[in-house]
Amino acid sequence: MPLRFGRLLVAGLLAGLIAGVLAGTFAYFAGEPRIDAAIAIEEQNALAHGEAGGGEELVSRDTQKNVGLILATSLYGIAMGGFLATGYTLLRRRLHTGSDTRAALGLAGAALTGIVLIPFVKYPPNPPAVGDPATIDQRTISYLAVLALGLVAVWAGVLAARTQTHEWRRATAGLLTFVVVVTIAWLLLPAVNEVPDTFPAVLLWKFRLASLGTQVILWTVLGVAFAGLLHRLATKATPAGTEVPAKA
């Protein structure tokens, strides 16, 4: 008897909280120093052009780093944990594996590919000093479009793989379909390059790699933690589906 959705959802939310805290900790040490450096460059450029500072901050930079960052990644992790648990509930019977662990890790890997990796290659994140405020709407729409197309590419690759019987043909069909959909998406969507020539390239890529690392850690920990919690729930259930008391 399958586990009830309520238990799966709680497992997903808990796994998301764990993943969010760990990802936020990584972002604090790997990403925040780059953001501080980018803000310093932005302030120096403003002074060089005779512009006033950014004015009084509603939330101080220290509060943003020491409180807001972990809070934001934790809430994001919880939301993604709920998303993963819901996807697992809806798609579990369609996944061609008898292992709950493989199913959970496969879904987390698919989400990481579609939601993070594909958008990152097309529209890598930029630090605060980079980007034209006038184009934020266009950039947001383009990012959401590539995110949706990334998920479509993963889905299309899985469907193409299932049309084949031999293992090597499944892998080839899935990979080719995935690449074709991604290529079409990248060709159709507009390019965005608003990085000033004077902005340090090393700082830019350290920030981008820190951002990517944060997402990779979040989805990896989320998948592993959710799989572990699924295994724990399964071991507490009898073959008939009734639950036995947890061991002390």
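The values are calculated or read from the model by the stated rules, or taken from the named source; none is laboratory data. Since this is a predicted model, take the numbers as computed values, not measurements. Using ideal geometry, Cβ is built from the backbone for each residue, glycine included, and neighbour counts are taken over all protein chains shown.
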Pick from the stretch 55-101, criterion surrounded by 14 or more Cβ atoms within 10 Å (Cβ to Cβ) and polar (S, T, N, Q), ranking: modelled with the lowest pLDDT
Gln64
Return yes when Ala185 is under 30 Å from Ala11 (Cα atoms), among the aliphatic types (A, V, I, L, M) and in a helix (DSSP H, G or I) and no when it is not.
no
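Select from the stretch 143-169 the residues that are over 16 Å from Leu117 (Cα atoms) and either part of a helix (DSSP H, G or I) or basic (Lys, Arg) (or both) and list them in ascending order. Outline the logic, then answer.
Filtering the stretch 143-169 down to residues over 16 Å from Leu117 (Cα atoms) leaves 156, 158-169.
Ala156, Val158, Leu159, Ala160, Ala161, Arg162, Glu167, Trp168, Arg169 - these are the residues of the stretch 143-169 that are over 16 Å from Leu117 (Cα atoms) and either part of a helix (DSSP H, G or I) or basic (Lys, Arg) (or both).
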Any residue at all in the stretch 81-104 that is farther than 20 Å from Leu17 by Cα, outside any helix (DSSP H, G or I), in contact (Cβ under 8 Å) with a residue 24 or more places away in the chain and assigned by TED's automatic domain parsing to the domain that holds Ala225?
yes
Within the stretch 118-142, count every residue that is part of a helix (DSSP H, G or I) and crowded, with 16+ Cβ neighbours inside 10 Å.
6
